[in-house]
Amino acid sequence: MDARLHQMRNIGISAHIDSGKTTLTERILYYCKKIHRMHEVKGKEGGGATMDYMELERERGITITSATTHVSWNHHSINIIDTPGHVDFTIEVERSLRVLDGAILVLCSVGGVQSQTLTVDKQLKRYKVPVLAFINKLDRVGANPFKVKDQIVDKLGRRAALMQIPIGLEDNFQGVVDLISLKAIYFDGLNGELVREAEIPAELRAEARHYREELLDSVSLTSDELAEALLENKASPELIRQAIRQATIRREFTPVFIGSAYRNKGVQPLLDGVVDYLPDPSEVENIALDLDRQQQPVVLQADPALPCVAYAFKLEEGPYGQLTYVRIYQGALKKGDELFNTRSRQKFKVGRLVRMHADHMEDITEAMAGDIIALFGVDFASGDTICSPGLNYSLTSIYVPEPVISLAIEPVDKISSDRLSRALSRFTKEDPTFRTYLDPESRQTIIQGMGELHLDVYLERMKREYKVEVTTGQPQVAYREAITSRADFDYIHKKQTGGAGQFARVSGYLEPFEGSYEFINEVKSGHIPREFIPSCDKGFQASLKKGQLMGSPIIGVRVVLSDGQFHPVDSSDLAFQLAAQGAFKQAYKKARPQLLEPVMKVVVETPSEYSGSVFASLNQRRGIIVSSIETGLYSTIEAEVPLSEMFGYSTILRSMTQGKAEFTMEFLKYARVPQNLAEELMEKHRQKIEEEKK
């Protein structure tokens with residue numbers, strides 16, 4: 001196997017918003033000599049970080065899209081994806097983790113495990129990604145890496161241990177002690193580029209021995225070889241590193257590194273950790289489904305000599321055509337190769353092949369298994385599998401969460417209207433969580449997304465990139481309807497006047513159900529022919545699209561079909577579909593339907609002095625406080641709040657806390673709307689329909 005493969009790492013950098021991911025990536029680029037000068041995320045000088053290349057990202061000081069780059073460290077080539085921390089851009093994290101072999105989970109040494117850290121951790125586990133943790137910001141007041149390591153164990157359920165301990169903390173943070181080599185490491189030079197090893201300060205020797213024991217105890221539980229060597233006092237640093245590597249790749253252990261990216265301390269040992277402990281592409285199992293053999297699983301080999309299998313995970317429409325980010329899992333890709341898209345069944349030729357560095361492209365002639373590259377000018381959709389002709393494989397797609405908020409938009413003039421449709425078609429193709437449709441009743445264009453910030457960013461991008469001026473309506477909440485009790489139905493659909501008629505009878509009941517929808521057939525043979533049972537199911541499913549309270553989709557229904565009747569001539573697929581729809585309408589009102597609203601998990605991090613005002617503001621918004629944890633000067637308040645009450649909350653929270661608090665929110669569940677509010681909403685809906693009729 002190609003030696004280059006063993007010297008390759010594909011890693012992502014993920015964390016809660018504002019933990020220092022982009023700053024850390026900037027330092028990695030600098031120490032790997034990819035850039036010659038470091039820029040800050042919110043810095044005026046140099047205009048923002050390298051990986052935040054969009055003007056909007058630099059202005060807001062946040063990462064909106066994941067950016068890819070490629071660096072070299074100790075003769076190893078590392079592909080890096082810097083991902084957003086904000087929950088509204090969660091699809092960027094999902095699609096990046098889908099194609100990565102390892103990740104660095106960045107945590108703030110003051111904030112520790114925060115709300116979005118839990119979400120990112122869930123995503124890392126979903127895609128089975130081995131992880132190194134990096135506790136950042138050790139120079140901040142209140143920094144405590146020992147407490148954060150305990151949170152990784154308790155809150156994330158990971159077996160973790162410190163690989164280093166700090167030399168000093170806060171203003172006095174000078175360097176780290178490596179617990180494997182038992183050496184002190186200092187970072188000298190103008191930007192911490194000179195790494196110097198020295199003896200451990202006398203006052204830290206006992207502490208270093210204690211944490212080294214803790215590290216070895218933790219790793220020896222995953223390695224019999226290391227456990228034996230420890231008993232015989234023969235554990236060499238190489239053996240310890242080997243045991244940590246194996247345990248990390250099997251996801252049985254998480255090594256924890258520490259430092260301060262902003263102060264240029266601790267980044268080089270973390271890069272050594274990436275090389276030493278994260279897997280190369282051949283050490284990760286990737287499975288494809290063979291579409292020619294009833295979707296039988298096939299284990300892909302990271303071997304450049306085999307036929308090519310690759311995955312398109314991200315698209316970008318640029319001024320010169322579509323740029324598609326691709327991860328190669330098997331085989332190699334050369335300029336001029338003929339390949340096959342297994343979704344569209346289309347063959348295509350590889351034209352321009354590029355390696356990305358944020359928004360800069362470097363032309364290459366070939367890439368091999370393990371590489372993350374981009375193809376130019378080929379039409380793909382996100383999640384497409386690309387194979388050499390002769391193979392018909394499909395790789396599992398990315399988990400796409402459902403949008404929770406929608407907004408009506410209208411172009412101000414005809415020119416804007418044409419540009420708007422171009423912008424919407426591009427954005428919906430690039431981002432599966434951003435959706436758009438035309439409301440058949442109001443004839444308005446509706447955009448949907450993961451939160452206010454998400455839609456806000458796209459509206460701003462329309463204005464800047466497409467010169468589109470739009471007016472926006474009230475944000476709409478995605479309400480749902482559900483039944484609360486059992487209701488029977490017995491419905492006959494009959495139309496038998498002259499010519500071919502229609503006849504179908506269905507009988508059974510509806511009842512509340514924990515999931516979204518379930519159909520159960522209990523019809524005795526002969527009462528309804530077997531070929532018409534799917535027609536009944538189709539009819540019931542069509543009825544779920546629009547409830548009778550507010551026209552919202554219906555969830556939480558189990559339909560049990562117990563009896564029926566048919567006519568040898570007049571019964572048909574359509575007749576049974578219409579009978580099912582009539583039966584549903586008949587039973588729905590009797591099943592005491594109610595209105596449900598999306599409830600969000602809201603986590604507010606605020607200086608403790610403002611926590612009383614934050615409690616009051618959440619209570620005013622019909623919020624239920626779930627927990628409140630005070631850590632030094634800061635409080636973390638977790639609440640469950642209806643989405644309809646959260647519009648404009650960021651402005652209110654900022655003014656209430658002098659801009660010092662921040663909050664994240666993600667969809668949690670659907671819950672019943674209080675009766676008085678439900679009546680108000682239904683009344684508004686009725687008035688709207690009457691106005692449209694006029």
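Residue-wise test of (1) closer than 28 Å to Ile91 by Cα; (2) outside any strand (DSSP E or B); (3) at pLDDT 90 or above; (4) in the same structural domain as Lys585 (by TED's automatic domain parsing).
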| position | (1), (2), (3), (4) |
| --- | --- |
| Ala504 | no, no, yes, yes |
| Glu518 | no, no, yes, yes |
| Val523 | no, yes, no, yes |
| Phe540 | no, yes, yes, yes |
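Quick check on Glu193: is it closer than 28 Å to Ile240 by Cα, modelled with pLDDT of 90 or more and either hydroxyl-bearing (Ser, Thr, Tyr) or over 30 Å from the mean Cα position of the chain (by Cα) (or both)?
Details: closer than 28 Å to Ile240 by Cα: yes; modelled with pLDDT of 90 or more: no; either hydroxyl-bearing (Ser, Thr, Tyr) or over 30 Å from the mean Cα position of the chain (by Cα) (or both): yes.
No: the conditions fail for Glu193.
Hey, which of the strands (runs of 3 or more DSSP E) in the range 175-241, taking only ones fully inside, have at least 3 residues that are without any contact (Cβ under 8 Å) to a residue 60 or more places away in the chain? Show your work before the answer.
Details: elements: 175-178, 183-188, 194-198.
Of the strands (runs of 3 or more DSSP E) lying wholly inside the range 175-241, those with at least 3 residues that are without any contact (Cβ under 8 Å) to a residue 60 or more places away in the chain span 183-188, 194-198.
Has the range 605-617 got any residue that is in contact (Cβ under 8 Å) with a residue 60 or more places away in the chain and farther than 30 Å from His493 by Cβ?
yes
Would you mind stating whether Ala288 is of a type in the set (A, V, I, L, M), in a loop (DSSP other than H, G, I, E, B) and either over 17 Å from Asp178 (Cα atoms) or modelled with pLDDT under 90 (or both)?
No: the conditions fail for Ala288.
Going by what's in this entry, would Phe576 be described as within 30 Å of Val148 (Cβ to Cβ), aromatic (Phe, Trp, Tyr) and surrounded by 17 or more Cβ atoms within 10 Å (Cβ to Cβ)?
Values: within 30 Å of Val148 (Cβ to Cβ): no; aromatic (Phe, Trp, Tyr): yes; surrounded by 17 or more Cβ atoms within 10 Å (Cβ to Cβ): yes.
No: the conditions fail for Phe576.
Against the definition (free of Cβ contacts under 8 Å to residues at least 12 places away in the same chain, surrounded by fewer than 16 Cβ atoms within 10 Å (Cβ to Cβ) and of a type outside the set (Lys, Arg)), how does Ile689 come out, yes or no? If you could, list the steps in order and put the result at the bottom.
On the way: free of Cβ contacts under 8 Å to residues at least 12 places away in the same chain: no; surrounded by fewer than 16 Cβ atoms within 10 Å (Cβ to Cβ): yes; of a type outside the set (Lys, Arg): yes.
So Ile689 does not fit the description; no.
Take the residues in the range 498-529 that are farther than 30 Å from Tyr670 by Cα and hydrophobic (A, V, I, L, M, F, W, C), then tell me which one is surrounded by the fewest Cβ atoms within 10 Å (Cβ to Cβ).
Ala500
I'd like the full set of residues that are of a type in the set (Ser, Thr, Tyr) and more than 14 Å from the chain's Cα centre (by Cα), limited to the range 116-149.
Selection gives nothing.
For the range 398-423, how many residues meet the condition of being out of contact with any Phe, Trp or Tyr (no Cβ under 6 Å at 6 or more places or on another chain) and in contact (Cβ under 8 Å) with a residue 24 or more places away in the chain?
18
Filter the range 439-471 down to the residues that are modelled with pLDDT of 85 or more, surrounded by fewer than 21 Cβ atoms within 10 Å (Cβ to Cβ) and not in a helix (DSSP H, G or I) and list them by number.
Correct list: Thr445, Ile446, Gln448, Lys467, Glu469, Val470, Thr471.
Taking the range 362-380, which residues are of a type outside the set (Asp, Glu) and either buried (at least 16 other Cβ atoms within 10 Å of the Cβ) or in contact with a Pro (Cβ under 9 Å, 6 or more places away or on another chain) (or both)? Please lay out each step first, then the result.
Start the filter on the range 362-380 by keeping residues that are of a type outside the set (Asp, Glu), which leaves 364-365, 367-370, 372-378, 380.
Within the range 362-380, Ile364, Ala367, Met368, Ala369, Gly370, Ile372, Ile373, Ala374, Leu375, Phe376, Val378, Phe380 meet the criteria.
So the check is Cβ under 6 Å with 6+ separation or different chains; which pairs have a first residue in the range 528-549 that's among the acidic types (Asp, Glu) and a second one that's in a loop (DSSP other than H, G, I, E, B) and surrounded by 15 or more Cβ atoms within 10 Å (Cβ to Cβ)?
No pair meets every condition.
If a residue must be surrounded by 14 or more Cβ atoms within 10 Å (Cβ to Cβ) and either outside the structural domain of Gly331 (by TED's automatic domain parsing) or over 19 Å from Lys347 (Cβ atoms) (or both), how many such residues does the range 291-305 contain?
Qualifying residue count, the range 291-305: 6.
Conditions tested, residue by residue: (1) over 16 Å from Ser282 (Cβ atoms); (2) over 25 Å from the mean Cα position of the chain (by Cα); (3) at pLDDT 85 or above.
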position	(1), (2), (3)
Gln301	no, yes, yes
Leu306	no, yes, yes
Tyr311	yes, no, yes
Gly321	yes, yes, no
Tyr329	no, no, yes
Leu339	yes, yes, yes
Arg352	yes, yes, no
Ala358	yes, no, no
Glu366	yes, yes, yes
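Kindly provide the set of residues from the range 409-438 that are assigned to a loop (DSSP other than H, G, I, E, B) and either more than 27 Å from the chain's Cα centre (by Cα) or among the polar types (S, T, N, Q) (or both), ordered by number. Write out each step before concluding.
Of the range 409-438, the ones assigned to a loop (DSSP other than H, G, I, E, B) are 412-413, 431-434.
If the condition is that a residue be assigned to a loop (DSSP other than H, G, I, E, B) and either more than 27 Å from the chain's Cα centre (by Cα) or among the polar types (S, T, N, Q) (or both), then Val412, Asp413, Thr433 are the ones that fit.
Would you say Thr651 is under 26 Å from Asp456 (Cβ atoms), hydroxyl-bearing (Ser, Thr, Tyr) and at pLDDT below 90?
Judged against the criteria, Thr651 is a match.
Criterion first (outside any loop (DSSP other than H, G, I, E, B), of a type in the set (A, V, I, L, M) and outside the structural domain of Ser425 (by TED's automatic domain parsing)) does Leu391 satisfy it?
Details: outside any loop (DSSP other than H, G, I, E, B): no; of a type in the set (A, V, I, L, M): yes; outside the structural domain of Ser425 (by TED's automatic domain parsing): yes.
In short, no.
What helices (runs of 4 or more DSSP H), lying completely within the range 599-693, carry at least 3 residues that are closer than 30 Å to Gly551 by Cβ and out of contact with any Leu (no Cβ under 7 Å at 6 or more places or on another chain)?
The helices (runs of 4 or more DSSP H) meeting that bar are 675-693.
Any residue that is more than 25 Å from Ala639 (Cα to Cα), modelled with pLDDT of 85 or more and among the small types (Gly, Ala, Ser) - is there at least one of those in the range 110-127?
no
Taking only the range 1-28 into account, find how many residues are modelled with pLDDT of 85 or more, among the charged types (D, E, K, R) and either out of contact with any strand residue (DSSP E or B) (no Cβ under 8 Å at 6 or more places or on another chain) or not in a strand (DSSP E or B) (or both).
The total comes to 2.
Looking at Asn79, Asn74, can you tell me which residue is more than 30 Å from Glu430 (Cβ to Cβ) and either at pLDDT below 90 or of a type outside the set (D, E, K, R) (or both)?
Asn74 is the lone residue from the list that is more than 30 Å from Glu430 (Cβ to Cβ) and either at pLDDT below 90 or of a type outside the set (D, E, K, R) (or both).
Kindly indicate whether any position in the range 604-613 is over 26 Å from Asn521 (Cα atoms) and in contact with a Pro (Cβ under 9 Å, 6 or more places away or on another chain). Write out each step before concluding.
Taking the range 604-613 first, the residues over 26 Å from Asn521 (Cα atoms) are 604-613.
From the residues that got through so far, the ones that are in contact with a Pro (Cβ under 9 Å, 6 or more places away or on another chain) too are none.
Among the residues of the range 604-613, not one is over 26 Å from Asn521 (Cα atoms) and in contact with a Pro (Cβ under 9 Å, 6 or more places away or on another chain), which makes the answer no.
Would you pick out the residues in the range 549-608 that are farther than 30 Å from Tyr479 by Cα and out of contact with any helix residue (DSSP H, G or I) (no Cβ under 9 Å at 6 or more places or on another chain)?
Of everything in the range 549-608, those that are farther than 30 Å from Tyr479 by Cα and out of contact with any helix residue (DSSP H, G or I) (no Cβ under 9 Å at 6 or more places or on another chain) turn out to be Ser562, Asp563, Gln565, Pro568, Val569, Asp570, Pro607, Ser608.
Just name the residue that is farthest from Ile555 (Cα to Cα) out of those in the range 616-646 that are surrounded by 14 or more Cβ atoms within 10 Å (Cβ to Cβ) and touching a Pro at 6+ places or on another chain (Cβ under 9 Å).
The extreme case among them is Tyr634.
The values are calculated or read from the model by the stated rules, or taken from the named source; none is laboratory data. All values derive from a computational prediction rather than experimental measurement. Ideal geometry is used to build each Cβ from the backbone, glycine not excepted, and the neighbour counts take in all protein chains shown.
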